[in-house]
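Beneath this line is the structure, given in structure tokens, with notes to follow.
The values are calculated or read from the model by the stated rules, or taken from the named source; none is laboratory data. None of these values were measured; they are calculated from a predicted model. Counting neighbours? That spans all protein chains shown, and the Cβs are built from the backbone with ideal geometry, glycine included. Ligands, DNA and RNA are stripped out before the accessible areas are found, and what is left, the full protein with its side chains, is counted by its heavy atoms. Shrake-Rupley method; radii C 1.70, N 1.55, O 1.52, S 1.80 Å.
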Amino acid sequence: QVQLVESGGGLVQPGGSLRLSCAASGFLFNNYVMSWYRQAPGKGRELVATITSGIGSTNYAESVKGRFTISRDNAKNLVYLQMNSLKVEDTAVYYCVAARREAYWGQGTQVTVSS
């Protein structure tokens, strides 16, 4: 059974940091492109960051470049999103996604940036 379980969300002040984790199981993690998406209240889902299988090339949305870092640990089936210099507009539910021929989604973790 495929499972993606996100953790690490919470409430943080503007300028603060959080690290999201996603634990994957039930599929060949090393073969999948891993991504983080987010959905803010009243908005559609937005691709935040992607890391490929193999050499682990990364791509980021313009809105998070220089502030967020995606990484993966293939030995532990984990993917991370380090979020620094957080802004109020980063408030959203963040989802971990595994994709190859099909896509698997986690249940999401809430990130709230507020003073």
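The set of residues from the range 26-41 being outside any strand (DSSP E or B) and either open to solvent by less than 50 Å² (accessible area, probe 1.4 Å) or within 15 Å of V97 (Cβ to Cβ) (or both) comprises G26, F27, F29, N31, Y32, A40.
When both residues are 6+ apart or on different chains and their Cβ atoms are under 8 Å apart, which pairs have a first residue that lies in the range 3-15 and is open to solvent by less than 70 Å² (accessible area, probe 1.4 Å), and a second that is among the charged types (D, E, K, R) and not in a strand (DSSP E or B)? Between residues of the range 3-15 that are open to solvent by less than 70 Å² (accessible area, probe 1.4 Å) and residues that are among the charged types (D, E, K, R) and not in a strand (DSSP E or B), the close pairs are P14/K87.
If I filter the range 66-89 down to residues being over 24 Å from A24 (Cα atoms) and touching a Leu at 6+ places or on another chain (Cβ under 9 Å), which single residue comes out as most open to solvent (accessible area, probe 1.4 Å)? Please lay out each step first, then the result.
Restricting attention to the range 66-89, the residues satisfying the condition of being over 24 Å from A24 (Cα atoms) are 66-67, 85-89.
So of that shortlist, the ones also touching a Leu at 6+ places or on another chain (Cβ under 9 Å) come out as 67, 86.
Working: R67: 29, L86: 4 Å².
Filtering first and then ranking leaves R67.
Reported count of residues in the range 42-60, each being in a loop (DSSP other than H, G, I, E, B) and charged (D, E, K, R), is 1.
Any chance the range 85-93 includes a residue that's free of Cβ contacts under 8 Å to residues at least 40 places away in the same chain, hydroxyl-bearing (S, T, Y) and over 13 Å from C22 (Cβ atoms)? No: the range 85-93 contains no residue that is free of Cβ contacts under 8 Å to residues at least 40 places away in the same chain, hydroxyl-bearing (S, T, Y) and over 13 Å from C22 (Cβ atoms). Among the residues making up the range 96-115, a single one is open to solvent by less than 30 Å² (accessible area, probe 1.4 Å), of a type outside the set (A, V, I, L, M, F, W, C) and either without any contact (Cβ under 8 Å) to a residue 24 or more places away in the chain or assigned to a strand (DSSP E or B) (or both): T109.
The numbered conditions (1) of a type outside the set (D, E); (2) open to solvent by 40 Å² or more (accessible area, probe 1.4 Å); (3) modelled with pLDDT under 95 are all true for A23 except (3).
Condition test on S63, is it free of Cβ contacts under 8 Å to residues at least 40 places away in the same chain, more than 17 Å from L28 (Cβ to Cβ) and not in a loop (DSSP other than H, G, I, E, B)? So S63 fails the test.
Out of all the residues in the range 11-41, which are among the small types (G, A, S) and over 16 Å from V113 (Cβ atoms)? Working first, answer last.
Pass one, the range 11-41, residues among the small types (G, A, S): 15-17, 21, 23-26, 35, 40.
Within the range 11-41, S21, A23, A24, S25, G26, S35 meet the criteria.
Within the range 42-65, the set of residues being over 24 Å from S115 (Cα atoms), surrounded by fewer than 15 Cβ atoms within 10 Å (Cβ to Cβ) and small (G, A, S) comprises G44, G54, G56, S57.
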